[in-house]
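Asker: A single structure is presented below for examination.
The values are calculated or read from the model by the stated rules, or taken from the named source; none is laboratory data. Please read all numbers here as calculations on a predicted model, not as lab measurements. No Cβ is skipped: glycine too gets one built from the backbone with ideal geometry, and neighbour counts run over all protein chains shown.
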Ligand code: SF4
Ligand code: SF4
């Protein structure tokens, strides 16, 4: 990597970490597979919605909820599909007018909550600070060197 490239990389890293307070770089682009529009969990407060009656009450809070239909229930909670997804073309029927959460998807916040991107998704997240760097810092703070071995009982 040239020194100019390194310089711009360090500026970018500083901007993401310190100004935007991000932990991941997002890369890639949407390939319009539509998968994120047909397996949706809804979070209310700290919990994922598991109860249809509660969801009916929440519908009045956000117009986007009106477009969601329960299609399944699993260990995590109710699974919704958005009715704006065209099941044939896999495209959003209201693409130009879709809500902010859809425009920004996938955000780091969703990713940090434990949500996973499908394997087909064109986006990916990479830690801004690589694990090896975090690991070195921990070793340094504990006065250990990288030859140390850890045993888990
Ligand atoms: S509004 Fe469009 S982009 Fe948003 S979840 Fe529904 S189909 Fe997907
Ligand atoms: S899962 Fe990823 S690639 Fe597929 S529609 Fe959603 S954002 Fe786009």
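Asker: Can you confirm whether segment 37-48 contains a residue that is part of a helix (DSSP H, G or I) and either over 23 Å from the mean Cα position of the chain (by Cα) or closer than 25 Å to residue 122 by Cα (or both)? Spell out the reasoning first.
Answerer: Filtering segment 37-48 for residues part of a helix (DSSP H, G or I) gives 37.
From what is left, the residues that are either over 23 Å from the mean Cα position of the chain (by Cα) or closer than 25 Å to residue 122 by Cα (or both) are 37.
Taking every residue of segment 37-48 in turn, at least one turns out to be part of a helix (DSSP H, G or I) and either over 23 Å from the mean Cα position of the chain (by Cα) or closer than 25 Å to residue 122 by Cα (or both).
Asker: In segment 114-153, which residues are surrounded by 10 or more Cβ atoms within 10 Å (Cβ to Cβ), under 19 Å from residue 38 (Cβ atoms) and at pLDDT below 85?
Answerer: 115 - this is the single residue of segment 114-153 that is surrounded by 10 or more Cβ atoms within 10 Å (Cβ to Cβ), under 19 Å from residue 38 (Cβ atoms) and at pLDDT below 85.
Asker: Would you check if residue 80 is within 12 Å of ligand 1 (Cβ to nearest atom) and in a strand (DSSP E or B)? Please lay out each step first, then the result.
Answerer: Values: within 12 Å of ligand 1 (Cβ to nearest atom): yes; in a strand (DSSP E or B): yes.
It is true that residue 80 is within 12 Å of ligand 1 (Cβ to nearest atom) and in a strand (DSSP E or B).
Asker: Further question on the same structure: Please list, ordered by first then second residue, the pairs with beta carbon atoms under 9 Å, 6 or more apart or interchain, first in segment 31-52 and farther than 25 Å from residue 86 by Cα, second within 16 Å of ligand 2 (Cβ to nearest atom).
Answerer: Qualifying pairs under 9 Å: 48/41.
Asker: Same structure again: Among the residues of segment 73-114, write down those that are on the phi > 0 side of the Ramachandran plot and either without any contact (Cβ under 8 Å) to a residue 24 or more places away in the chain or in contact with a strand residue (DSSP E or B) (Cβ under 9 Å, 6 or more places away or on another chain) (or both). Reasoning before the result, please.
Answerer: As a first pass, look at segment 73-114 and keep what is on the phi > 0 side of the Ramachandran plot: 77, 90, 114.
Within segment 73-114, 77, 114 meet the criteria.
Asker: Looking only at segment 49-77, which residues are part of a helix (DSSP H, G or I), within 12 Å of ligand 1 (Cβ to nearest atom) and surrounded by 13 or more Cβ atoms within 10 Å (Cβ to Cβ)? So that I can check it myself, show each step before the final result.
Answerer: Let us first name the residues in segment 49-77 that are part of a helix (DSSP H, G or I), namely 52-58, 63-67.
Then drop every residue that is not within 12 Å of ligand 1 (Cβ to nearest atom), which leaves 63-67.
Scanning segment 49-77 gives 64, 65, 67.
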